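See structure below.
We did not get these values from a lab; they are worked out from the coordinates using the rules stated. In this text, all values refer to a predicted model and were calculated from it rather than measured experimentally. Neighbour counts run over all protein chains shown; Cβ positions are idealised from the backbone, glycine included.
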C-alpha cells in the first residue's frame, strides 16, 4: 500500500509540473482574447464585411478568414489584375506611348474616377499605371487594356487603317481580348474563383472574385518591383503629353489612406510601413480594400475586405475605409509573432469610431451608361441591373456576417496552433510512457517478491 501511494504521489507531482508548464507556455501562444490593440480602434469583432482574409506572404499561410472563398463583387480592386496582366505582356515597357481611344474617354457618370485623358492623347505606360494604381482612374484602366490587348494602339500589329470602320471598335475588341488574358493570368495565380468582364471593376453578373483570390493577385503584384512601387505611392504626377503640354496638369493622390498617412497615423504597433495595395467602392460591391504592410521584423502581411461597412471616425472617407483593414493587419502581425514597437504620436481622427453603413462615398466605379455604341443601352442596363440585384440578394442570403459573432477560423492551422497541438501530444505521450513504465516496474517487483 505504501508503494502505491508513493507511486501515486510521483504521478501527481509529474502532472502538476506539466500543468504549470502549460500555464507558462500557452499565454505566449495567445489567441485573439489576449490580443491588445491600442484603445479606440475597431476590434476584430467590430469588423462587418461579407468576406475578409489575413495572409502572411512570408510564411505562405492564411491567419484568419471569413468567407474568403465566397465569390463577390470587388469594384476597383480589379485593377490589381489589370496592372499584373499588362506587366506580363512581352512588350511591356514603362516608356512606351499608349494611344487613348475615344471609347476610353466616355463615362456615363461624371463622378467616376479618371485622369481626364483625351481621345488621341499619347501617354506613357508609366503614367497610365500611376493613374491606375494611385488614383484608381478608370480611363487609365481602359487605355492600358486596349493598348496591351494586341488589337489596338501600342501592341497592335495592324496599321490604324486596318482597325476597322471605327477605331472605337478596335479599341473595345482589344479591351475584351485583354480581359480574357486577365482571367487566364488569374487562373495561373491560383485565383480559381475569379471571373472578370472589364478592367475597371464595374459591377456585373459575370464580374466577381474572392478575398482569397485577391490575396494571391496582391502577393504577385507586391513581388513585381515595378508594380509594388506604384502601390506604395502616396501621390503621382504624370508627365506632359501632346494633349496636356504643360507640367503638373494632374496631381493624383492615393485612395488608399494606409500608404498616404502611414503606420504612426494609424498607431500601428507591428507595421513598419504600409505597402499597398488597392481600394474599391461601388454601390453593389460596397467598400473593398486590399491593405498590405511589412512588420518591423520583415514579414509581409496582406489583408482583404470585401463588402465592408465604413467606420465614421474622421472627415476623410478613405481613412474610414482603411480602419478595419488596419485592425486586420495588426492582428495578422500579432498572430505571426511579429516584433512590436511603440508608435510615434501623429495627428489622429476623432474617436471612438462609429459604424456607418449608409455611406456611399467615395465612388470609384459605377455602372456606365454611355451614348456610344460600345456601352450598354438604357434597356440593357436595366436588364443587367435586375440580374445584378438578383445575384446580390442571393449573395446576401448566403453570406451574412452579422450571423457570426466571431470571425471564422482559417482553412489551415497556424504555426502557433501546430505548436500547441504538438506540445500537448508530446506531454500526453510522456505521461502514458511514464505510467506504463511504472506499471511494468510494479508488476516486476510484485513478481520478484512472490518468488522470494
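Structure notes:
- Full-extension gain in nm, residue 224 to residue 158, via 0.36 nm per residue minus C-alpha separation: 20.7 nm
- Calculated FRET efficiency for the pair residue 297/residue 118, C-beta based, R₀ 45 Å, to 0.05: 0.40
- Inter-probe distance in nm under a simple model that places probes 7 Å from Cα toward Cβ, at residue 180 and residue 60: 3.2 nm
- Taking the Cα atoms of the stretch 136-294, the ratio Rg/Rh between the radius of gyration and the Kirkwood radius comes to 1.00.
- Value of D in µm² per second that Stokes-Einstein yields for the stretch 76-222, Kirkwood Rh from Cα pairs, at 10 °C (1.306 mPa s): 105 µm²/s
- Spacing of the two label points (7 Å from each Cα toward its C-beta) at residue 94 and residue 192, in nm: 3.6 nm
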